[in-house]
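Working notes, beginning with the structure itself.
The values are calculated or read from the model by the stated rules, or taken from the named source; none is laboratory data. Just so we're clear, the structure is a prediction, and the values are computed from it rather than from any experiment. Here the Cβ positions follow ideal geometry from the backbone for every residue, glycine too, while neighbour counts run over all protein chains shown.
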Amino acid sequence: MTKGIRGATQVDADLPESILSATRELLATIAEVNAVTSQDVVACFFTTTPDLTAQYPALAARQFGWVDVPLLGSTEMAVPSAPERILRVLLLVEWSPERPAPQHVYLKGAVVLRPDLQQGGRVR
């Protein structure tokens, strides 16, 4: 069965290394919390707010070792009241029914995107 794991983080600045570092941290946290390896990932979708243009987040996934995972990036809508410098990810993962439910991960300023997850300890 395939499950989706969501995550997001706020990038410090629109600089290539800031985007890559934030992406690596987010992917590493999701992988650790969910015991996921690149072999489990069917596909990975990245989106960024329009103010992040210095680098593709997918490059960090390749640097993370996800060389055979299909990756796709896109830009979110420019909503005036939305938080700035947000990087989002959706992982489609092969998931066995015996495993506990996937844990979504929201880091730094992205925790405001899912306040409903804060009580369950799934936001860092």
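Selection of segment 85-99 for residues being surrounded by 12 or more Cβ atoms within 10 Å (Cβ to Cβ) and not acidic (Asp, Glu) yields 85, 86, 87, 88, 89, 90, 91, 92, 93, 95, 99. Of all the numbered requirements in (1) surrounded by fewer than 13 Cβ atoms within 10 Å (Cβ to Cβ); (2) over 21 Å from residue 117 (Cβ atoms); (3) within 15 Å of the chain's Cα centre (by Cα), residue 66 misses one, and that requirement is (1). On inspection, residue 97 passes the criterion of being farther than 18 Å from residue 24 by Cβ and at pLDDT below 95. From the list 89, 33, 79, the one residue that fits, being assigned to a strand (DSSP E or B) and either modelled with pLDDT under 95 or β-branched (Val, Ile, Thr) (or both), is 89. Assess whether residue 110 counts as being over 22 Å from residue 40 (Cα atoms), out of contact with any Asp or Glu (no Cβ under 7 Å at 6 or more places or on another chain) and assigned to a loop (DSSP other than H, G, I, E, B). It is false that residue 110 is over 22 Å from residue 40 (Cα atoms), out of contact with any Asp or Glu (no Cβ under 7 Å at 6 or more places or on another chain) and assigned to a loop (DSSP other than H, G, I, E, B). Residue pairs whose Cβ atoms lie under 7 Å apart, separated by 6 or more positions or on different chains, with the first residue in segment 79-92 and at positive phi and the second at pLDDT 95 or above and in a strand (DSSP E or B), are 85/10. Listed by first and then second residue, the pairs linking a residue in segment 3-24 that is within 14 Å of residue 45 (Cβ to Cβ) to a residue that is assigned to a loop (DSSP other than H, G, I, E, B) and polar (S, T, N, Q), with Cβ atoms under 9 Å apart and 6 or more places separating them unless they lie on different chains, are 5/103; 23/55.
For segment 46-68, a residue qualifies if it is of a type in the set (A, V, I, L, M), touching a Leu at 6+ places or on another chain (Cβ under 9 Å) and part of a loop (DSSP other than H, G, I, E, B), and the qualifying residues are 52, 54.
Matching residues to (1) of a type in the set (Val, Ile, Thr); (2) at pLDDT 95 or above; (3) surrounded by 14 or more Cβ atoms within 10 Å (Cβ to Cβ):
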site	(1), (2), (3)
83	no, yes, yes
101	no, no, no
111	yes, no, yes
114	no, no, yes
120	no, no, no
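Looking across segment 19-39 at every residue that is polar (S, T, N, Q) and surrounded by fewer than 17 Cβ atoms within 10 Å (Cβ to Cβ), the one that is nearest to the chain's Cα centre (by Cα) is identified as 21.
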